[in-house]
Amino acid sequence: MEILVASAVGTLTAAGIYLILRMRTFPVIVGLALLSYAVNVFIFASGRLAVGLPPVLSKTAQGYTDPLTQALVLTAIVISFGMTAVIVMVALGAFLEAGTDRMDSDDEAGQ
Amino acid sequence: MNHWIIAPVVLPAVIAPLIVLLMRHDLVLQRVFSLAATVALCGVAAVLLATAATNPPEAYFLGNWPAPFGIVLVLDRLAAMMVALTAFLALMVQLYAIGSGWDRRGQHFHALFQFQLMGICGAFLTGDAFNLFVFFEVLLIASYGLMIHGGGRARLRSGVQYVAYNLVGSTLFLFALATIYSVTGTLNMADLAERVATLPEGEAAILRVAGVLLLAVFAIKGALVPFQFWLPGTYASAPGPVAALFAVMTKVGAYAVIRVFSLIFPPETPATGAFFAELLLPAALVTLALGAVGVLGAASLGRLVAFGAIASMGTLFTAISGFSPETTAAALFYLLHSTLATAVLFLVADLVLARRGSEDLIQRRPPIAQEGLIASLFFVGAIALAGMPPLSGFLGKLQILDALRGPNMVAVWGTVLVTSLLMIVGFARAGSLLFWKSHETLMEADPHEPDVLSFAAVGGLVAALVALTLAAGPVSSALGSVASELAERTPYIAANRLTEQPQ
């Protein structure tokens, strides 16, 4: 299971970085989303992987998994969701204003 | 518990939604409430500054949960100083935004401004690494809104880059935090400081990776080479007052480096040693050189000031990389100075833009209204940022050079002195192009109503620079005590009361 989780994080990160280096806004935003998935799984794994163990107190539990990382992941998901919404809106505004969705700044003025 | 500690976070957090929900159609009400909140923030910051100067560091346990289980805010001298600096700068910037009418050019300026203050103050006060991430996000999401305030093609396009760059930075921050958590099992800064010091040998490699990731995140905030790409475009395209407020946002990166790398990874840690200082110094010197060359080569006033800001961050990080009480005290003095000086120049750039119609330095334009006054303000700001006598920039650089005697002295002194010369030349060139060459057009200045409030705001910042110069002695000795408190570490850790078990 460790190999599965680790390779999932690796693949998601690699795909995310590849997409972020693209020139247009849409792949970049998808890349950012993939990166945030990768980091969510990574945070989850940083509390050690355990199968079938509850994170909250229970009378029948054999053991517990780390509940803190789950709370951290929840915060990270909410924040990255909000941030993705923001960048979609800003990118849309820039597209409507400039008529192009190129990510690099390459105006005639060279700015 | 001293409840004033959480006031700099709660006050803007209450006022901002009120402004959005109740006063969205009434600009006068927005201005009154937002200004009143910022004035109150200045008052709270003064109280905190006085408290921290006489008392040891004090923790505020949110919900009264004991550390390290709950989130803590910690007020120490460094945090109090940064909150006070932010509050003062915010007040001046807000006066300028009201005077120049920038807050009228788009929606929700004041609400976003208050959210921004909430994020910045929270980042300075928090004593928990994950909470630092959350406050970074609060200040970033408000800064996205402020950066594209007023809209326009160039601003929105640099806005997309700015947001994307910082989202990558946030992801890196989470990777770093998760790595640290997997090694130490805690994210409370004081608890981290204790556990990192006694970490077994085998975990050191992962910890070093986490430390470098954290350094990279703070370098993105502080525009340290090779992570400075976002700054010139963002600052040059952002509205003038917003760019001036952002002067303190790069300092959040510098603050985080000072806090984390003097509390959690000090140079005497067995697991990491002086590794981070060795990484930081060359990057800082390259940043300084890049900023100075940028100042020399900038074709527009906004980019000129933005590169000046990069150079000042380079100087600041050079001083920070010493990680000793003397170098930290010098760095803090330069931090106070460069925040004010950068803000002055961004506001002057906005004054020029409003009258000249173009920021392009090469383009010949007629003289601007109130030229004498604006040229003098530019002169003062340029002297301050380039580090010439008699203003505090000179004293700041002198202290840094003095504190960094040692094996790297040749590289540090050489870079700081040569880049200062480059910046003087760059600013002199920009000033003569803007204010002297304009007279060759033999045209009359276009009339422009002088808005007293804007000039008062810039004047307030200049007055603060002069005060910092005149009171350099007392300020330096106060900063010396800030730096020694940081180097001591134990009072900060003791404030978290880690050993007390919950009932």
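Checking the structure you have, find out if any residue of the stretch B:166-173 is assigned to a helix (DSSP H, G or I), within 11 Å of chain A (Cβ to nearest Cβ), within 27 Å of residue B:57 (Cα to Cα) and modelled with pLDDT of 95 or more. Yes, the stretch B:166-173 contains at least one residue that is assigned to a helix (DSSP H, G or I), within 11 Å of chain A (Cβ to nearest Cβ), within 27 Å of residue B:57 (Cα to Cα) and modelled with pLDDT of 95 or more.
Determine whether residue B:184 is in contact with a helix residue (DSSP H, G or I) (Cβ under 9 Å, 6 or more places away or on another chain), closer than 18 Å to residue A:72 by Cβ and at the interface with another protein chain (Cβ under 10 Å from one of its Cβ atoms).
Working: in contact with a helix residue (DSSP H, G or I) (Cβ under 9 Å, 6 or more places away or on another chain): yes; closer than 18 Å to residue A:72 by Cβ: yes; at the interface with another protein chain (Cβ under 10 Å from one of its Cβ atoms): no.
Answer is no for this residue.
For residue B:302, state whether it is in contact (Cβ under 8 Å) with a residue 60 or more places away in the chain and under 14 Å from the mean Cα position of the chain (by Cα). Here the answer is no, as residue B:302 does not meet what is asked.
In the set (1) modelled with pLDDT of 95 or more; (2) buried (at least 16 other Cβ atoms within 10 Å of the Cβ), the condition left unmet by residue A:7 is number (2).
Residues that are in a helix (DSSP H, G or I), more than 22 Å from the chain's Cα centre (by Cα) and surrounded by 18 or more Cβ atoms within 10 Å (Cβ to Cβ) within the stretch B:19-59 comprise B:19, B:30, B:31, B:33, listed in sequence order.
Beta carbons closer than 9 Å, at least 6 apart along the sequence or on distinct chains, pair a first residue in the stretch B:67-81 that is more than 14 Å from residue B:121 (Cα to Cα) with a second that is among the basic types (Lys, Arg) for B:67/B:497. As for the stretch B:226-237, it holds at least one residue that is away from every other protein chain (no Cβ under 14 Å), within 30 Å of residue B:360 (Cβ to Cβ), outside any helix (DSSP H, G or I) and not polar (S, T, N, Q). For the stretch B:85-134, residues that are among the small types (Gly, Ala, Ser) and closer than 27 Å to residue B:259 by Cα total 7.
Scanning for something among the acidic types (Asp, Glu) and under 30 Å from residue B:353 (Cβ atoms), does the stretch B:481-488 turn up at least one residue?
No.
Of the helices (runs of 4 or more DSSP H) entirely within the stretch B:437-503, those holding at least 1 residues that are touching a Leu at 6+ places or on another chain (Cβ under 7 Å), in contact (Cβ under 8 Å) with a residue 60 or more places away in the chain and more than 16 Å from residue B:81 (Cα to Cα) occupy B:452-470.
Take the stretch B:174-225 and flag every residue that is among the β-branched types (Val, Ile, Thr), touching a residue at least 12 places away in the same chain (Cβ under 8 Å) and either outside any helix (DSSP H, G or I) or touching a Pro at 6+ places or on another chain (Cβ under 8 Å) (or both).
Answer for the stretch B:174-225, where residues must be among the β-branched types (Val, Ile, Thr), touching a residue at least 12 places away in the same chain (Cβ under 8 Å) and either outside any helix (DSSP H, G or I) or touching a Pro at 6+ places or on another chain (Cβ under 8 Å) (or both): B:186, B:225.
The values are calculated or read from the model by the stated rules, or taken from the named source; none is laboratory data. The model shown is predicted, which means the values in this text are computed figures rather than measured ones. Please note: Cβ atoms are built from the backbone with ideal geometry, for glycine as well, and neighbour counts cover all protein chains shown.
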